[in-house]
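The values are calculated or read from the model by the stated rules, or taken from the named source; none is laboratory data. All values derive from a computational prediction rather than experimental measurement. Virtual Cβ from ideal backbone geometry, glycine too; neighbours counted across all protein chains shown. Calculation scope for accessible area: heavy atoms of the full protein, side chains included, ligands and nucleic acids excluded. Shrake-Rupley method; radii C 1.70, N 1.55, O 1.52, S 1.80 Å.
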Amino acid sequence: MGFSERYEATLADLSKCCQACGRSVGHVRVMAVSKTVGPDAVEEAVKAGAHLFGENRPEGIMQKSQLFPQEEWHFIGNIQSRRIADIVPHAALIHSLYQESHACKINDVAARLGKVQDVLLEVNVSGEESKSGLAPDQVKDMVLLVGSLPNVRLRGLMTMAPQGDRSAVVSTFEGLARLHAELKAGLDVESAACFNELSMGMSEDWPEAVAAGATIIRIGRALFSDEF
Ligand SMILES: *Cc1c(COP(=O)(O)O)cnc(C)c1O
């Protein structure tokens, strides 16, 4: 099987999943996480109809977004302060913001580029030590900070579920959706209108994420690897 077959199969599964949970398939975007593959595989993916890609390293998003500028590139990896100037020019959306100092630096770089940078806040819903992100009770203050930065626009929240245990996966995704709804209710009309994205779900757990309200699912191995 090549990318094309895996992509078609995933879209068919997504369509069934949306039907089963009463959601419109048009409300869920599939991101092809291309962090482990080279430009040839991205080209194959584009030919198969994929137009949204995710990278977790500055080099990856710089290189591939320049090779495929007509596609949409998102940054999903750990942010390092000194690499923000390499990420902002290339990312339509940054999924993994959780530090105040990074928000301020993203604002400065975006201002210099004459850009408003769309971001999601990464939340560590499950509270696992190994996971990065804001604790749920820290998110509100971060929303206020980002709201004060003219060149950063908050579009929603992102999380990663713990591996394995289904009930922990479901409660993580439902927890993010609940937090999103609570925060949205506290925003002014204009900010609330932009605060629509829930980035959650990967190869192993995207159906649970879609059932909980995901708007972007981030899929790597199930699309790019034959071994998944
Ligand atoms: C690698 C990665 C994914 C994709 O994971 P798969 O299990 O390969 O689908 C999704 N989100 C983030 C943040 C990642 O780093």
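Considering only residues in the stretch 129-156 that are within 16 Å of the ligand (Cβ to nearest atom) and more than 15 Å from GLY186 (Cα to Cα), the one that is farthest from the chain's Cα centre (by Cα) turns out to be SER130.
Screening the stretch 1-109 for helices (runs of 4 or more DSSP H) wholly inside it with 1 or more residues that are closer than 30 Å to LEU144 by Cβ returns the ranges 58-67, 84-87. Taking residues in the stretch 88-106 that are more than 22 Å from LYS131 (Cα to Cα), and partners anywhere that are acidic (Asp, Glu) and more than 13 Å from the ligand (Cβ to nearest atom), the pairs with Cβ atoms closer than 6 Å and at least 6 places apart or on different chains are ALA92/GLU72. Just to be sure before I move on: is GLU197 open to solvent by 10 Å² or more (accessible area, probe 1.4 Å), within 19 Å of the chain's Cα centre (by Cα), without any contact (Cβ under 8 Å) to a residue 60 or more places away in the chain and within 16 Å of the ligand (Cβ to nearest atom) in the structure I sent? Criteria not met by GLU197.
Of LEU134, LEU187, LEU113, LEU145, all but one fail to be touching a residue at least 24 places away in the same chain (Cβ under 8 Å) and either surrounded by 18 or more Cβ atoms within 10 Å (Cβ to Cβ) or closer than 22 Å to TRP206 by Cβ (or both); the exception is LEU134.
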